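**Student:** Can you read through this structure? Questions will come right after.
The values are calculated or read from the model by the stated rules, or taken from the named source; none is laboratory data. Values in this document were obtained by computation on a predicted structure and should not be read as measured data. Neighbour counts run over all protein chains shown; Cβ positions are idealised from the backbone, glycine included. What goes into the accessible areas is simple: the full protein's heavy atoms, side chains included, and nothing from ligands, DNA or RNA. Shrake-Rupley method; radii C 1.70, N 1.55, O 1.52, S 1.80 Å.
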Amino acid sequence: MKKINIITLGCSKNIVDSERLAMQLQQGGYLLLHNSPQPARITIINTCGFINDAKEEAIDTILQCVQAKQRGEIEQLFVMGCLVQRYADALRKEIPEVDEYFGVNSFAAILQQLNAAQRDALHTQRLISTPQHYAYLKVAEGCNWHCGYCAIPLIRGKYVSTPLPDLLQEATSLAGQGVRELMLVAQDLTYYGLDLYHKRSIAPLVHSLSQIEGIEWLRLHYGYPTQFPRDLIDEMHDNPKVCKYLDIPFQHINDGVLQRMQRGHSQKDILNLIETLRRRCPDVALRTTLLVGYPNEDEAAFEELLRFVQDVRFERLGVFAYSEEDGTHAATHYADNVPAAEKQRRCDEVMRLQSRISAQLNEAKVGKTFRVIADRIEGKYTIARTQYDSPEVDGEVLIADTSLQAGAFYQVTITSANEFDLFGELRVEN
Ligand code: SF4
C-alpha cells in the first residue's frame, strides 16, 4: 500500500479537514499517516494562512519537504489549505518544486490527482488523528463577520452550517471509534444554524449530540459575543454532558478599539455577557483570546485592557500581537502604527498578569476533587484533564499513577498546583 503522510498546520478546523480527506484516501487504497516525522513517498501539507507567524511556519514546512523531495525521500508533494487559498499564484511561482497546490474545499481535485474516487457516502466519516478518546467536530465553515484584523472570511468565505443530521451521524461514528469527548469548533460556534435554519441552533445541536451513547463530554469553542444565544447557557447549566467551559475570544474591551475592529458589540455587551454566564453557571471556565497593538491602540486603551483582565480573572487566556493582513479592513483603513517592540511589551504584560491569576485560581483547587479524563502516560505520571481543560491549549492534571487507562474517567483530589498544571491523587474509579 502506498503511504501518504498528511501534515496538518493551523487550527482544529484544519485537523478535521485533514481527517476527512484521510478517510477518503484510505478507502482509495492508501495507508495514511498524520504528521509523521518520517517522510512518506506522498506527502500532503494542509496549511494555515491566518497570520504572519502561521504563514512563515507553512513556508518553512513546505521548504523542508521540498528538500526531502530533492533527497529522494518524497516522490509527490502536494500543498493545500488556507495559505494556498490566499497565495496560490505566488506559491506556484516561488516554489515550483511542489507537484500541485490546492485551495480550501478542493478534496475532489486532490482525490482525482491521486486516482482515488470521492465516496460521498463517507462524507461524515473521518480517520481521526487525535488520541482516540477525543475529537473535534467542525459544525460550520466560513464566517459572516468582518472583524477588522481577520482574513478568514477572505479565505473561507461565507458561513455555511453543516446540516444537523450529518453532524449527528459524524458524532455517532466518532463515538463508535471510542471518542468520549467532542470539541465543537467553527469560526463562530454561536452563529450555527442561522444560515440554514434561520435561527440560532447551537443549543439544540448540543442537546442532540449529548444523547449519543458514548459521548460523555461536549466542549464549546469559538463562541462570539454578539447576540450570544441564552439557550446555550441554559443547556450548559442543565446538561451534565456539557463541560462548564466556554472558549469565547473577546479580543479587546476598549469601545474605540472594538469599534475599529468592527466587532459589532461594546464593552457593556461583553461585561453583561460575562456576568450572565457566571451568574447562570458559577463554575464555568472562560477561555478568551485578546489582541494587542491594533492600530491606534494607545496606552489608555491598553491600560483598560489590563484592568479587564485583572477584574474578570479569566480561567484561560491567550494574547496575540496585531499582524497586518492583506485585504482586511484594518490593512486598508489604518496604518500599522504600534511598533513591534511595543506590541511585544503589551503581550508580555498581559501574560505576566494572567500567569499570576492562573496560579491563584489553580491554588484554590487544592484539596478539591474533580472528575478527570485520562489522556496519556508520561514518565511516572498519568496526564489527565478536568472539564475545565481543553486538550492542547489548557493546563493538565498530573497523577503519579501509571495504571490509569487513556479515555477513562476518574475522580482525582488535587494535592498541589502551579500556574499551569494541577497535581492530584486518584480518589475512586467510576
Ligand atoms: S468572527 Fe471575526 S475573528 Fe472570527 S473568523 Fe470571523 S471575522 Fe475572523
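**Student:** Where the centroid of each part is defined by its Cα atoms, how far is the range 177-199 from the range 31-102 in Å?
**Tutor:** 29
**Student:** With the cut-off at 23 Å, tell me which of the pairs Lys55/Lys343; Lys138/Lys244; Lys13/Lys55; Lys343/Lys365; Lys3/Lys69 have Cα atoms farther apart than that.
**Tutor:** Lys343/Lys365
**Student:** Further question on the same structure: In what sequence, largest accessible area first, do His333, His123, His252 appear using a 1.4 Å probe?
**Tutor:** Values: His333 115, His123 90, His252 0 Å².
In descending accessible area the options line up as His333, His123, His252.
**Student:** Follow-up. Could you tell me the center-to-center distance, by alpha carbons, between the range 233-249 and the range 256-325 in angstrom?
**Tutor:** With the range 233-249 and the range 256-325 each reduced to a Cα centre, they are spaced 20 Å.
**Student:** Now for a different question. For the range 281-374, which trypsin sites (Lys or Arg not before Pro) are both in a DSSP coil and crowded by at most 12 other Cβ atoms within 10 Å?
**Tutor:** Passing sites in the range 281-374 are Lys368.
**Student:** Tell me the mean residue ellipticity at 222 nm calculated for the chain from its helices only (DSSP H runs of n ≥ 4, each -39500 (n - 2.57), averaged over every residue, nearest 500).
**Tutor:** -11000 deg cm²/dmol
**Student:** By a straight-distance test (C-alpha under 13 Å), which aspartates and glutamates pair with Lys158 as possible cross-link partners, with residues fewer than eight away in the same chain excluded?
**Tutor:** Glu141, Asp188, Asp195
**Student:** Continuing with the same structure: What are the aspartates and glutamates whose alpha-carbon lies under 19 Å from the alpha-carbon of Lys241, with same-chain residues fewer than 8 places away excluded?
**Tutor:** Glu170, Glu181, Glu213, Glu216, Asp231, Asp283, Asp375, Asp389, Glu429
**Student:** Name every cysteine in the chain that ends up alone, with no second cysteine's Cβ under 4.7 Å, or say none.
**Tutor:** Cysteines lacking a close Cβ partner in the chain: Cys11, Cys48, Cys65, Cys82, Cys143, Cys243, Cys281, Cys347.
**Student:** Roll a 1.4 angstrom probe over the protein heavy atoms and tell me the percent of accessible area of the range 68-173 that is carbon or sulfur. Write out the running numbers ahead of the final one.
**Tutor:** Details: 2450 of 4640 Å².
For the range 68-173, the apolar C and S fraction of the accessible surface comes to 53 percent.
**Student:** Treating the beta-carbon of each Lys and Arg as +1 and of each Asp and Glu as -1, no other charges, what is the dipole magnitude of the range 56-108 about its Cα centre, to the nearest 20 debye?
**Tutor:** 120
**Student:** Heavy-atom accessible area per residue, the range 285-337, 1.4 Å probe: how many Å²? Mind showing how you got there, number by number?
**Tutor:** Working: 2040 Å² over 53 residues.
The answer is 39 Å² per residue.
**Student:** Determine the order of Glu392, Glu299, Glu213 by accessible area, beginning with the largest, at a probe radius of 1.4 Å.
**Tutor:** Output order, biggest surface exposure first: Glu213, Glu392, Glu299.
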